[in-house]
Ligand code: PAF
């Protein structure tokens with residue numbers, strides 16, 4: 001696997017692949033890779049001739065007081081894991097390469113960024129879209145793979161790609177879970193053993209609601225109440241949101257339908273976790 005840390009080298013590599021008619025599949029990450037990321041890379045491998053990942057903890061998507069400094073990092077292990085799954089290039093730019101002196105251009109997607117994570121993390125999706133568009137411009141992917149765990153992010157990126165005529169196809173791969181159901185996330189590493197044990201409650205709560213939906217419950221308030229009641233029993237868990245939204249525009253629904261998104265965000269200690277299921 002080749003490691004590239006300069007913007008111009010990344011562009012040259014992508015240009016060369018494109019000249020050779022190779023299809024480029026891309027997985028953007030912030031590193032601290034786990035099995036969820038590796039599944040995205042395996043999916044990328046199926047879609048492309050050349051697989052690129054980026055490892056870049058993007059400062060513009062963290063708000064003041066958020067966990068940019070605390071975000072876990074493990075460069076050597078990441079490189080080893082990416083090599084093992086057959087990634088061709090790891091693009092690992094420095095912050096000053098991505099945001100040089102004088103940087104002042106940002107991408108803003110509007111409506112779909114307002115609810116859920118956008119409400120509690122103003123500016124987050126502006127940072128995500130800006131860095132993803134920059135990465136797309138450098139890597140020039142035919143396909144980019146994102147995870148369903150970040151359901152709103154995937155939707156926002158799809159919207160941006162459609163609105164700004166970005167040629168990459170956006171593929172969304174399923175959430176990979178720990179044996180107790182906890183969605184894999186780099187942030188799980190920040191949990192204490194007790195918080196880690198309690199974190200499984202997020203997916204248990206979503207599953208309770210999904211089971212009720214399968215049995216015929218369609219009232220959104222009743223479904224949310226079921227899930228919320230489970231979460232409120234967990235000591236130290238601070239619920240940020242638990243919402244049922246339609247999947248195309250993230251509009252709030254009062255009657256649940258197949259395919260709707262039930263999404264949750266909660267803090268355990270200082271660590272913010274998100275998860276979701278489709279009904
Ligand atoms: O999902 C992530 O890890 C990040 O938001 C992304 C897409 C790599 C942009 O920094």
List every residue pair whose Cβ atoms lie under 8 Å apart, where the two residues are 6 or more positions apart in sequence or sit on different chains, the first residue falls within segment 176-203 and is on the phi > 0 side of the Ramachandran plot, and the second residue, located anywhere, is in a loop (DSSP other than H, G, I, E, B). 181/200
Scan segment 226-254 residue by residue and report those that are within 22 Å of residue 152 (Cα to Cα), out of contact with any strand residue (DSSP E or B) (no Cβ under 7 Å at 6 or more places or on another chain) and at pLDDT 95 or above. 246, 250, 254
When residues of segment 233-251 are limited to those that are in a strand (DSSP E or B) and in contact with a helix residue (DSSP H, G or I) (Cβ under 8 Å, 6 or more places away or on another chain), the one surrounded by the fewest Cβ atoms within 10 Å (Cβ to Cβ): 241
Taking residue 64, is it farther than 15 Å from residue 185 by Cβ and within 14 Å of the ligand (Cβ to nearest atom)? no
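Yes or no, residue by residue, for (1) away from the ligand (no atom under 16 Å from the Cβ); (2) part of a loop (DSSP other than H, G, I, E, B):
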residue: 125; (1), (2): no, no
residue: 134; (1), (2): no, no
residue: 157; (1), (2): no, no
residue: 181; (1), (2): yes, yes
residue: 204; (1), (2): yes, no
residue: 212; (1), (2): yes, no
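Per-residue answers, yes or no, for (1) more than 17 Å from residue 10 (Cα to Cα); (2) more than 17 Å from the chain's Cα centre (by Cα); (3) near the ligand (Cβ under 10 Å from one of its atoms); (4) surrounded by 21 or more Cβ atoms within 10 Å (Cβ to Cβ):
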position	(1), (2), (3), (4)
55	no, no, yes, yes
73	yes, no, no, no
86	yes, yes, no, no
94	no, yes, no, no
104	yes, yes, no, no
121	yes, no, no, no
128	yes, no, yes, yes
154	yes, no, yes, no
Is there a residue in segment 26-41 that is over 16 Å from the mean Cα position of the chain (by Cα) and touching a residue at least 24 places away in the same chain (Cβ under 8 Å)? no
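The values are calculated or read from the model by the stated rules, or taken from the named source; none is laboratory data. Quantities reported herein were computed from a predicted structural model and do not represent experimental measurements. A quick note on method: Cβ atoms are made from the backbone with ideal geometry, for glycine too, and the neighbour counts reach across all protein chains shown.
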